[in-house]
1. What residue, of T148, T99, is in contact (Cβ under 8 Å) with a residue 12 or more places away in the chain, touching a strand residue (DSSP E or B) at 6+ places or on another chain (Cβ under 6 Å) and not basic (K, R)?
2. Could you please find all residues in segment 128-166 being outside any helix (DSSP H, G or I) and acidic (D, E)?
3. Need pairs with beta-carbon distance below 7 Å; first residue polar (S, T, N, Q) and within segment 109-124, second part of a loop (DSSP other than H, G, I, E, B); sequence gap 6+ or separate chains.
4. Suppose we keep only residues that are modelled with pLDDT under 95 and either part of a helix (DSSP H, G or I) or of a type in the set (S, T, N, Q) (or both) within segment 81-123. Which one would you say is surrounded by the fewest Cβ atoms within 10 Å (Cβ to Cβ)?
5. From the set of residues in segment 31-75 that are out of contact with any Lys or Arg (no Cβ under 9 Å at 6 or more places or on another chain), in a helix (DSSP H, G or I) and free of Cβ contacts under 8 Å to residues at least 40 places away in the same chain, which is nearest to M169 (Cα to Cα)?
6. Residue check, A172 against (1) part of a loop (DSSP other than H, G, I, E, B); (2) within 24 Å of F52 (Cα to Cα); (3) of a type outside the set (D, E, K, R), all met but one. Which one?
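The values are calculated or read from the model by the stated rules, or taken from the named source; none is laboratory data. Since this is a predicted model, take the numbers as computed values, not measurements. Don't worry about glycine lacking a Cβ; one is built from the backbone with ideal geometry, like all the others, and counts go over all protein chains shown.
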Amino acid sequence: MLRRSLLLTAAMIASGGVARGDALIDRLCQGGLCLLLRHAHTEPGTGDPPGFRLDDCATQRNLDAVGRSQARAIGERLKQLRVPVGRVWSSAWCRCRETAELIGYGPVQHYPPLDSFFEDRSRADQQRTDMLAFIRDWRGPSNALLVTHQVNITAVAQVLPRSGEIVVMTPAAGMLGRLPPPQPGDVDAW
């Protein structure tokens with residue numbers, strides 16, 4: 001196990017500190033990481049329509065058919081690779097909750113720091129601090145899946161994720177790597 005961890009660390013150093021390909025998948029299979037997932041593909045637009053309400057999905061920008069298929073594909077691929085996911089948390093927004101539910105790893109729990117602050121940037125610093133504390137403190141034998149928004153992931157990892165992309169975070173080293181969103185029919189992504 002120590003030899004494997006040293007090899008993964010060497011691979012990360014050689015790639016500029018970001019694990020890629022098999023090295024990233026091998027590390028994910030060991031557990032103990034946080035997977036920050038930007039919700040799957042949505043209807044066209046940015047943010048939400050004026051007057052949207054969190055208690056009414058019909059007032060929000062939601063997943064489209066591509067996004068629903070993408071979310072299912074993410075879950076299937078993680079399971080196929082035997083990536084252990086123990087707990088799933090989500091933003092309150094319907095597009096995040098639906099993504100989390102379609103991935104199919106069990107009950108989805110709301111975690112307020114994952115809520116979008118796109119419309120209210122005054123919450124950004126506190127939510128970033130709370131998300132970083134969660135990542136730093138995660139000690140599960142499996143991985144935690146956190147389904148959220150682009151602004152939240154960018155605030156934490158300093159990257160701009162695409163819809164359906166996973167940014168893998170480790171408590172000690174920050175961003176470990178990225179898993180691109182699956183494309184329709186691409187069963188061998190990652």
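1. Going through T148, T99 in turn, just one is in contact (Cβ under 8 Å) with a residue 12 or more places away in the chain, touching a strand residue (DSSP E or B) at 6+ places or on another chain (Cβ under 6 Å) and not basic (K, R): T99.
2. So in segment 128-166, the residues outside any helix (DSSP H, G or I) come out as 138-149, 158-166.
The answer is E165, and nothing else.
3. S116/S91; S116/W93; S116/H149
4. S122
5. G75
6. Of (1) part of a loop (DSSP other than H, G, I, E, B); (2) within 24 Å of F52 (Cα to Cα); (3) of a type outside the set (D, E, K, R), only one is false for A172: (2).
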